[in-house]
Amino acid sequence: MSYAVFNEVSENIETVESSTSFGSKTAYFEASISLSEVISAMTFALDMTEGAVPGHSLRSCLLGMRLAAALDITEEMRSSLYYALQLKDTGCSNNAARMTQIVGGDDRAVKNIAKLVDWTQPTSLNLRSLQALWHNILPKGSLLERLTRLVRVGLSQHRNNREMIQLRCERGAEIVLKLEMGEFAAEAVRCIDEHWDGSGYPENLRGRDIPLLARICSLAQNLDVFATDSGTEAAMDVIRQRSGKWFDPELVKIAEELNQLGMLWANALVSDGVENTRLAVLLLDPGVNARLGAERVDRICEAFASIVDAKSPFTYRHSIGVADVAVQLAEEMGLAPDRVQLVRRAALLHDIGKLHVSNTILDKNGELTREEWAEILKHPSVTRSILERVSSFRELAVVAAEHHEKLDGTGYPLGLKGHQISIESRLIALADTFAALAEERPYREAIEPQKILKILAPSVPNKLDPTCFEALTSLVGRWEQEQRMGPWSKRAIGALPPYKEWPTVVAPV
């Protein structure tokens with residue numbers, strides 16, 4: 001691997017706040033963590049998965065809560081709506097690989113195009129949208145291959161839409177339930193793409209059979225999409241045109257009244273800035289900044305790890321596998337329980353920045369170009385920028401973002417050297433490398449643990465920490481004695497289906 005790309009911007013690294021800035025012997029005291037603070041921060045990861053303009057989920061939340069304020073709904077429903085609006089895209093990574101298979105191009109760009117088109121009316125694909133779609137259809141294919149793929153996409157449009165939405169909405173609802181947001185919120189996410197006239201997906205629900213919260217979420221997200229693309233008046237024109245078709249006419253009427261009163265768009269425009277929008281969302285928190293216990297924080301980390309891993313079939317369960325190895329390494333090395341907890345959470349979330357990377361890069365079968373490497377090399381920094389939005393996650397964010405740093409300074413994104421890298425970051429880096437090699441991939445079998453040790457040994461001590469490597473060697477020996485199998489190898493015993501049977505990977509069109 002060449003690190004020339006990151007080296008071009010790795011200047012002044014001595015002044016950067018690294019994991020050792022926190023002190024390796026300092027206890028990891030967990031401050032009181034607000035549920036709304038964590039979820040609002042994580043929405044930036046969800047926006048990246050969809051290729052949306054940052055703050056989309058938060059702007060949708062403001063708009064939806066203002067619509068709901070005009071309705072007589074219970075506090076429980078209001079709270080459910082608040083989180084459903086922010087978590088509506090939690091299932092989007094689940095169809096990213098399939099979207100790439102269908103179009104042969106950037107899944108995020110195509111999703112963005114789809115949001116601006118009334119896909120129940122094929123003739124609504126305007127010149128601008130058609131040009132954008134053409135740009136992302138097999139961009140490196142021949143003219144004939146691209147035309148053929150475009151025709152196939154058009155002919156299978158409705159089938160593809162149903163498949164994509166079902167993958168996204170079902171998975172999103174599952175995650176919302178795992179996050180303990182309740183059935184109302186889960187139903188809103190599951191039914192967000194149903195239409196008032198029955199033309200939506202995945203169940204073709206009609207009118208009031210569509211849950212109220214789903215109707216609000218649908219209108220709110222479309223208001224933001226079109227306001228961001230073409231301005232507020234264009235957004236209002238779209239919802240008027242689709243009133244009684246896509247949207248509940250009563251909700252459209254409420255939106256029009258709020259718009260006329262100047263009460264709809266405050267802090268809900270891109271020009272208002274994402275931090276102002278986020279502050280406005282936090283002030284609407286119906287739980288008055290409900291505080292989280294350690295177990296719930298852990299479940300949130302696990303849920304978002306599953307969102308990351310679902311993006312590419314090549315990394316299925318990777319974050320869980322890294323966390324499993326990292327925790328065992330931390331315990332083997334005698335780290336205090338609070339540090340082990342920090343390690344587990346950082347390991348679960350270390351790749352959240354990969355949600356900004358197109359699946360055309362993540363799933364590429366071949367050498368990456370310089371430009372593609374540049375995108376990959378950004379993901380640790382993106383991980384840090386997302387997690388740092390939670391005030392209590394500052395150290396966690398830094399540790400998670402250092403999983404590709406090397407002791408000799410040849411890692412990325414900052415090229416840190418040994419004295420700048422904490423023991424927690426060092427062992428997560430080793431766990432990440434080990435888990436990646438131990439995972440089965442479509443182009444190779446899983447590598448046996450003893451062989452992995454031989455592969456890694458030449459990198460010790462220049463790149464990999466010798467104490468961590470010694471602990472890993474000890475662990476591997478014990479695993480073999482106990483015949484234990486980690487999450488990375490569950491497919492070998494039939495606990496996971498073969499790659500071709502995964503719901504997100506089916507035969508290309």
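The values are calculated or read from the model by the stated rules, or taken from the named source; none is laboratory data. What you see is a predicted model, and the numbers here were worked out from it, not measured in a lab. Because the Cβ atoms are built from the backbone with ideal geometry, glycine has one as well, and the counts that use them run over all protein chains shown. The accessibility values were calculated without ligands, DNA or RNA, using every heavy atom of the protein model including side chains. Shrake-Rupley method; radii C 1.70, N 1.55, O 1.52, S 1.80 Å.
Of note:
- Options 345, 370; residue that is more than 24 Å from residue 98 (Cα to Cα) and crowded, with 24+ Cβ neighbours inside 10 Å: 345
- The selection criterion, being surrounded by 15 or more Cβ atoms within 10 Å (Cβ to Cβ) and either modelled with pLDDT under 90 or assigned to a loop (DSSP other than H, G, I, E, B) (or both), does not hold for residue 139.
- Answer residue from the stretch 210-227, given it is among the aliphatic types (A, V, I, L, M) and open to solvent by 10 Å² or more (accessible area, probe 1.4 Å) and is nearest to residue 92 (Cα to Cα) among those: 225
- Of all residues in the stretch 275-294, those satisfying the criterion of being modelled with pLDDT under 90, open to solvent by 20 Å² or more (accessible area, probe 1.4 Å) and out of contact with any strand residue (DSSP E or B) (no Cβ under 6 Å at 6 or more places or on another chain) are 286, 287, 288, 290, 291, 293, 294.
- Against the test of being over 30 Å from residue 366 (Cβ atoms), open to solvent by less than 10 Å² (accessible area, probe 1.4 Å) and under 23 Å from the mean Cα position of the chain (by Cα), the options 391, 425 yield a single qualifying residue, 425.
- The number of residues in the stretch 423-458 being touching a residue at least 40 places away in the same chain (Cβ under 8 Å) and not aliphatic (A, V, I, L, M) comes to 10.
- Restricting attention to the stretch 48-87, the residues that are surrounded by fewer than 19 Cβ atoms within 10 Å (Cβ to Cβ), in a helix (DSSP H, G or I) and of a type outside the set (S, T, N, Q) add up to 4.
- Among the conditions (1) surrounded by fewer than 21 Cβ atoms within 10 Å (Cβ to Cβ); (2) within 18 Å of residue 42 (Cα to Cα), the only one that residue 337 does not satisfy is (2).
- Answer from 413, 461 - the residue that is in a loop (DSSP other than H, G, I, E, B) and closer than 20 Å to residue 352 by Cα: 413
- Residues (over 20 Å from the mean Cα position of the chain (by Cα) and surrounded by 16 or more Cβ atoms within 10 Å (Cβ to Cβ)) located in the stretch 192-209: 194, 195, 196, 199, 200, 201, 202, 203, 205
- In the stretch 312-359, residue modelled with the lowest pLDDT [restricted to those that are among the hydrophobic types (A, V, I, L, M, F, W, C) and in a loop (DSSP other than H, G, I, E, B)]: 357
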